[in-house]
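The next block holds one structure in the form of structure tokens; read it before the comments.
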Amino acid sequence: MTETVYTVTGMTCEHCVKSVTEEVGRIEGVESVSVDLPTGAVTVVSATPLSDEAIRAAVDEAGYQVA
């Protein structure tokens, strides 16, 4: 298992958290996604290391940005 923490900007509510969690969770190999709204920390646990590009694309699709 690999755990990586990203900082996502622009999230302001639980809807934002849900959107990011769903989009990142769709990436192949993702086991779990945890979002801390006050800090913008998104913790991704995956079976194997994921590319930063895949995470950035999923967060972008949700309408936010990886800092």
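For the range 14-55, give me the residue count where each residue is of a type in the set (A, V, I, L, M, F, W, C), in contact (Cβ under 8 Å) with a residue 24 or more places away in the chain and within 15 Å of Gln65 (Cα to Cα). Even if it seems obvious, please write down each step before you answer.
Keep residues of the range 14-55 that are of a type in the set (A, V, I, L, M, F, W, C), which gives 16-17, 20, 24, 27, 30, 33, 35, 37, 41-42, 44-45, 47, 50, 54-55.
Imposing the further condition that a residue be in contact (Cβ under 8 Å) with a residue 24 or more places away in the chain reduces the set to 16, 20, 24, 27, 35, 37, 41-42, 44-45, 47, 50, 54-55.
Checking the rest, the ones that are also within 15 Å of Gln65 (Cα to Cα) come to 16, 20, 24, 35, 37, 41-42, 54-55.
Matching residues across the range 14-55 total 9.
Identify all residues within the range 1-34 that are in a helix (DSSP H, G or I) and either among the charged types (D, E, K, R) or on the phi > 0 side of the Ramachandran plot (or both); write none if there are none.
So in the range 1-34, the residues in a helix (DSSP H, G or I) come out as 14-25.
Listed by number, the residues that qualify are Glu14, Lys18, Glu22, Glu23.
Looking only at the range 35-48, decide whether some residue is open to solvent by 90 Å² or more (accessible area, probe 1.4 Å) and outside any loop (DSSP other than H, G, I, E, B). Before you say what the answer is, go through the steps one by one.
First, the residues of the range 35-48 that are open to solvent by 90 Å² or more (accessible area, probe 1.4 Å): 38.
Adding the requirement that they be outside any loop (DSSP other than H, G, I, E, B) leaves none.
Scanning the range 35-48, I find no residue that is open to solvent by 90 Å² or more (accessible area, probe 1.4 Å) and outside any loop (DSSP other than H, G, I, E, B), so the answer is no.
Can you find a residue in the range 12-20 that is among the aliphatic types (A, V, I, L, M) and open to solvent by 30 Å² or more (accessible area, probe 1.4 Å)? If you could, list the steps in order and put the result at the bottom.
The initial filter retains those residues of the range 12-20 that are among the aliphatic types (A, V, I, L, M), namely 17, 20.
With open to solvent by 30 Å² or more (accessible area, probe 1.4 Å) added as a condition, the list becomes none.
The answer is no, given that none of the residues of the range 12-20 is among the aliphatic types (A, V, I, L, M) and open to solvent by 30 Å² or more (accessible area, probe 1.4 Å).
The values are calculated or read from the model by the stated rules, or taken from the named source; none is laboratory data. A quick note: this is a predicted structure, and the numbers were derived from the prediction, not measured. Counting neighbours? That spans all protein chains shown, and the Cβs are built from the backbone with ideal geometry, glycine included. Surface accessibility is based on the protein's heavy atoms, side chains included, excluding ligands, DNA and RNA. Shrake-Rupley method; radii C 1.70, N 1.55, O 1.52, S 1.80 Å.
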